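These notes concern the structure reproduced below.
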Amino acid sequence: MPPSRPGDNRNTPAKTAPAALHQQLGHVASLLMQVRAGASLPDALARVPAPLRAGCQALGFHVMRWRGSAEAVRKALAPRAPPPPVDALLTSALTLMWPLESPPYPAHTLVDEAVKAASRLAPRSKGFVNAVLRQALREGAALQEMAQHTAEGRFNHPAWWVRRLQKDWPQHAAGILKAAQQHPPMTLRANARRGGLAALGPGLDAAGMAWQPLSLPQNASPEHRPLPALAQAAALTQAVPVERIPGFSEGDWSVQDAAAQLAAPLLLKGLQASPVCRDATHRPRILDACSAPGGKTAHLLELLDCELLALDADAQRLERVAETLQRLGLGGTGAAHVELRAADARRVQDWWDGRPFDAILLDAPCSASGIVRRHPDARWLRRDSDIIALGQIQAELLDALWPLLKPGGCLLYATCSVFKAEGQEQIDAFLQRQALPASTVDAGSPGHLLPLVDNEAALADMAASGKPPACDGFFYALLHKPPPA
């Protein structure tokens with residue numbers, strides 16, 4: 001594994017001086033224990049002392065990516081589970097033996113630092129930790145075979161997750177699981193109100209930052225549907241801290257995945273086709289029903305002069321939307337106006353003023369199964385039963401918001417999921433409940449987008465190719481409400 005890249009420390013273990021690794025391992029073991037108890041990795045990281053947080057974040061992401069393999073090896077080498085803190089430390093150390101062809105630390109460094117961490121965490125466990133790690137290192141090539149005995153060990157995802165992918169995408173499941181182990185590209189969105197890529201790209205060149213315009217690979221669409229262009233997307237060759245990006249603090253750029261950048265243009269496309277907006281003087285009234293953290297909200301305001309109501313059930317997350325809009329210089333009075341309101345979109349009676357909307361963006365709560373390369377803890381925090389519960393919320397949102405849409409208006413349903421239950425199956429069930437024809441769904445809707453690279457050779461050996469998929473997994477369905485008879 002190459003040294004940690006600036007700004008990519010969430011994804012790649014930092015090449016920390018060996019003297020500090022044992023301190024980080026102690027904290028990372030605590031992170032793993034908290035995730036096992038149901039806490040998200042970002043919440044757990046907030047409790048790490050600030051000077052160690054960046055390194056622990058990098059290691060924490062690595063642990064989440066390779067946890068399944070490490071747990072399989074630990075169970076094979078030590079069938080009787082040690083106390084939870086020791087188990088978490090040992091599992092964390094074992095993840096640092098992956099990927100097997102290029103582990104991030106030399107073997108002797110890993111063992112020495114893990115034993116030092118054990119001496120601080122549980123002194124009586126030093127000999128046990130030393131023995132297990134040295135046995136794992138001695139067996140070398142047998143490690144991979146040992147980890148293959150369970151779905152978790154082979155794919156580094158829960159077994160139920162693997163089964164669901166294999167059922168939904170029998171031809172693509174292996175590629176999706178491989179993609180989840182890759183470090184995502186750093187993808188930017190150029191502010192359209194500042195001139196977009198044509199005006200802002202030269203600033204990256206002047207700063208010596210290599211970049212290229214980004215498009216979606218055709219393989220992202222399993223049904224081979226034509227995919228919209230990404231007019232504002234740029235991928236940096238090397239990730240950097242956002243404060244180094246020229247004009248970022250002034251609002252020139254946003255960090256947003258390529259697939260997520262489709263939402264605003266798709267809704268705009270729906271509006272342009274709508275009879276309710278044929279009057280050039282009409283300022284569309286738009287609802288962003290689940291807006292936090294605000295990337296899609298901001299993109300809408302960059303592209304369109306409108307009146308926008310942004311809801312989110314979490315008042316604290318809504319503060320992030322306000323911060324994003326302020327940085328980008330969006331949402332004031334004038335051509336574009338936005339109102340932020342903390343509310344559950346399903347409880348229409350709590351927030352709706354009775355005026356129908358020209359368009360609705362429903363970026364619904366979901367499993368986040370399409371973005372686990374960026375949030376590898378999500379795979380371990382979800383349960384199979386969550387998909388049923390989330391599906392119920394998605395259905396309730398669709399049913400509650402559809403009546404609020406003007407006849408002739410459009411609703412864009414989106415999830416960052418690769419599970420069909422949160423995508424096409426959800427829309428099919430909605431059309432049945434509402435007795436709507438299949439033509440309600442715009443023919444240009446992307447449907448499911450999968451995080452796959454754009455050629456089979458790269459798919460076969462994604463890690464060796466060094467070319468991660470251009471986009472996360474997503475689902476989009478653009479729905480048109482029939483106009484009055």
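Calculate the FRET efficiency for Trp160 and Glu425 from the Cβ-Cβ distance with a Förster distance of 25 Å, rounded to the nearest 0.05.
E between Trp160 and Glu425, to the nearest 0.05, is 0.90.
Name the residues whose placed amide hydrogens come within less than 5 Å of the amide hydrogen of Trp211, ignoring near sequence neighbours (fewer than 5 apart) on the same chain.
HN-HN under 5 Å from Trp211: Thr237.
Tell me, in nm to one decimal, what length is gained between Ser119 and Trp351 on full extension, where the rule is 0.36 nm per residue of separation less the Cα-Cα distance?
Going from the current span to full extension adds 77.9 nm.
Taking the DSSP beta bridges in the chain as the whole, what percent of them are antiparallel, to the nearest 5?
Numbers: 20 of 39 bridges.
So the antiparallel bridges in the chain amount to around 50 percent.
On a full-extension model of 0.36 nm per residue, what is the gain between Gln218 and Arg383, subtracting their alpha-carbon distance, rounded to one decimal in nm? Please report the intermediate quantities before stating the final value.
Values: separation 165, 0.36 × 165 = 59.40 nm, distance 3.10 nm.
Between Gln218 and Arg383, full extension yields 56.3 nm more.
Taking neighbour Cβ counts within 10 Å as the exposure measure, how do Arg327, Arg278 sort from fewest upward?
Lowest to highest Cβ neighbour count: Arg278, Arg327.
Quick one: what does P(r) look like for the range 122-236 with 10 Å bins over all Cα pairs, in whole %?
Once binned at 10 Å, the Cα pair distances of the range 122-236 give 11, 23, 22, 20, 16, 8, 0.
Local charge sum around Ala147 (other residues, Cβ-Cβ under 12 Å, Lys/Arg +1, Asp/Glu -1)?
0
Which whole-Hz ³J(HN,Hα) couplings does the range 207-223 yield from phi under the Karplus relation 6.51 cos²θ - 1.76 cosθ + 1.60, θ = phi - 60°, glycine and proline marked x?
7, x, 9, 6, 8, 8, x, 10, 10, 7, x, 4, 5, 5, 9, x, 9
What is the distance in Å between the Cα centroid of the range 264-314 and that of the range 104-155?
Taking the Cα centre of each part, the range 264-314 and the range 104-155 sit 52 Å apart.
Across the chain, how many lysine pairs, 8 or more apart or on two chains, come within less than 13 Å at their alpha-carbon atoms?
4
I need the calculated FRET efficiency for the pair Ala81 and Thr281, taking r as the beta carbon distance and R₀ as 51 Å, to the nearest 0.05.
Efficiency, rounded to the nearest 0.05: 0.15.
Taking the structure as given and computing Rg and Dmax of the Cα atoms in Å, which label from (i) 20.5, 62; (ii) 23.1, 70; (iii) 23.6, 79 fits?
Of the labelled values, this structure produces (iii).
Nearest 20 debye, what's the magnitude of the dipole of the chain about its Cα centre given +1 on Lys and Arg Cβ and -1 on Asp and Glu Cβ?
Once rounded to the nearest 20, the dipole reads 1260 debye.
Would you work out if the range 165-233 is rounded, prolate or oblate? Take a ≥ b ≥ c from the square roots of the eigenvalues of the alpha-carbon gyration tensor; rounded if a/c is under 1.5, else prolate when a/b is larger than b/c, oblate otherwise.
prolate
Read-outs throughout are calculated quantities, based only on the coordinates presented, and are distinct from any laboratory measurement. Bear in mind that the values here come from a model prediction, so they are computed numbers and not experimental data. All Cβ positions, glycine included, derive from the backbone under ideal geometry; neighbour counts span all protein chains shown.
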